[in-house]
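Report on one structure; see the data block that follows.
Read-outs: derived from the displayed coordinates by stated rules, not from any lab. Just so we're clear, the structure is a prediction, and the values are computed from it rather than from any experiment. For neighbour counting, all protein chains shown are included, and Cβ atoms are generated from backbone atoms with ideal geometry for every residue, glycine included.
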Amino acid sequence: MQKTQNVMDLFRLDGKRALITGGAKGLGKIMATAFAQAGASVAINSRNISECQATAEEIAKSTGRKAIAVAADVSISSDVDRLVHEAEAGIGPIDILVNSAGINIRGPINELSDADWDAVLDINLKAPFLLARRLGPAMCERGWGRIIHLGSILSNIGIAGRSPYSSSKTGLLGLTRVLALEWATKGVTVNALCPGPFGTDMNKPLLNNPQQYAAFVAKIPMGRWGELHEITGPALFLASEASAFMTGAALYVDGGWTAQ
């Protein structure tokens, strides 16, 4: 008689290797830590090598798993090639890619420059394309892979003053769906994890403005912002065997905002 697999084993990442862009702080850091706790080796990426190293050392010390730091600008194709080369030299072939790097430049459209638009789209949309293009085919050859794009509630709704960010996150859902279809028979899933308001550095302008903070909370049925650790369960689900039959989807972690 075949032994029934323990459902909790589906969430283990033992022997897996994960690359997390924007992994030095915020949601990226908390997800990287969770993956290491679940058994994965992790490569931490941002443009700041000292922040990457500090996070990698912290994760390695707290989890006992291998964690390395690789600084790179993920919006530049040659830097992506170097990033992947160094990450795989350090921990082995990448099984899990989390495109968490992101920026936001706020303002009404008449006050935004070409450079503002390009900066946001390059990091939030071009970079996931470059990394998926670089890593996805090798995942397909090995027959297993997980790609997680960090979307947003703004992948689904609009907020005034967020035209570059909302456009980038909406476009990211399109990229997610297309890649999911291209690799659906290869053992590689591609999904979008879409957070609502969390207390990250990117959201400090809102956190430090009581009026804007209150306006956001009023739109969240749960009546509060997300705690950083509350992203870890959904992220681990998408990164693990537990989500094997889920691809091309957007998973919203937003306290009910987009349910309205």
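Of the peptides 145-158, 81-94, the order by per-residue mean of other Cβ atoms within 10 Å, starting with the highest, comes out as 145-158, 81-94. Taking the alpha-carbon centroid of each part, what is the distance from the range 226-245 to the range 30-69 in angstrom? Their Cα centres are 17 Å away from one another.
Electrostatic bookkeeping for residue 83 treats Lys and Arg as +1 and Asp and Glu as -1; over the other residues with beta carbon under 10 Å from its beta carbon, the sum is -3. Only the Cβ atoms of Lys and Arg (+1) and of Asp and Glu (-1) were treated as charged; on that basis the dipole of the range 52-182 about its Cα centre amounts to roughly 480 debye.
Normalising the average separation of contacting C-alpha pairs (under 8 angstrom, six or more residues apart) by the number of residues puts the relative contact order of the chain at 18 percent.
In percent, what relative contact order does the range 1-146 have, based on Cα pairs under 8 Å that are 6 or more apart in sequence? Relative contact order here is 22 percent. Of the residues 129, 160, 97, the one whose Cα sits farthest toward the positive end of the charge dipole of the range 95-175, with +1 on the Cβ of Lys and Arg and -1 on the Cβ of Asp and Glu, is 97. Is the shape of the range 1-100 best called rounded, prolate or oblate, per the rule: a/c under 1.5 gives rounded, else a/b larger than b/c gives prolate, else oblate, with a ≥ b ≥ c the square roots of the Cα gyration tensor eigenvalues? The shape class here is prolate.
Here the chain carries DSSP beta bridges of which approximately 0% are antiparallel, counting only pairs with both residues inside. Relative contact order for the range 86-154: 50 percent, from Cα pairs under 8 Å spaced at least 6 residues apart, divided by residue count.
Loop-located chymotrypsin sites (Phe, Trp or Tyr not before Pro) in the range 56-165 (DSSP state other than H, G, I, E, B) with a sparse environment of at most 16 neighbouring Cβ atoms within 10 Å: 144. The value obtained for the range 41-180, namely the Cα convex hull volume divided by the number of residues, is 119 Å³ per residue.
Our helix-only sum for the chain, with -39,500 (n - 2.57) per DSSP H run of n ≥ 4 divided by its residues, gives a mean residue ellipticity at 222 nm of -12500 deg cm²/dmol. When all alpha carbon pairs of the range 11-67 are counted in 10 Å bins from zero, the resulting P(r) reads 30, 59, 10, 0 %. Among 62, 172, 149, which residue has its Cα positioned farthest towards the positive end of the charge dipole of the chain, with +1 placed on the Cβ of Lys and Arg, -1 on the Cβ of Asp and Glu, and the dipole taken about the Cα centre? Working it through, the farthest residue towards the positive pole turns out to be 62.
Residue pairs exceeding 27 angstrom between C-alpha atoms, taken from 25/61; 66/126; 66/169; 61/186; 126/219: 66/126; 66/169; 61/186; 126/219. Check each of the trypsin sites (Lys or Arg not before Pro) in the range 183-234 and keep only those in coil by DSSP with at most 14 other C-beta atoms within 10 angstrom; list them in order. Passing both the DSSP loop test and the Cβ count: 224. Taking a ≥ b ≥ c as the square roots of the eigenvalues of the alpha carbon gyration tensor, the range 175-260 is prolate, as a/c is not under 1.5 and a/b beats b/c.
Within the range 149-239, the GluC sites (Glu not before Pro) that combine a DSSP coil assignment with at most 15 other C-beta atoms in a 10 angstrom radius are 227.
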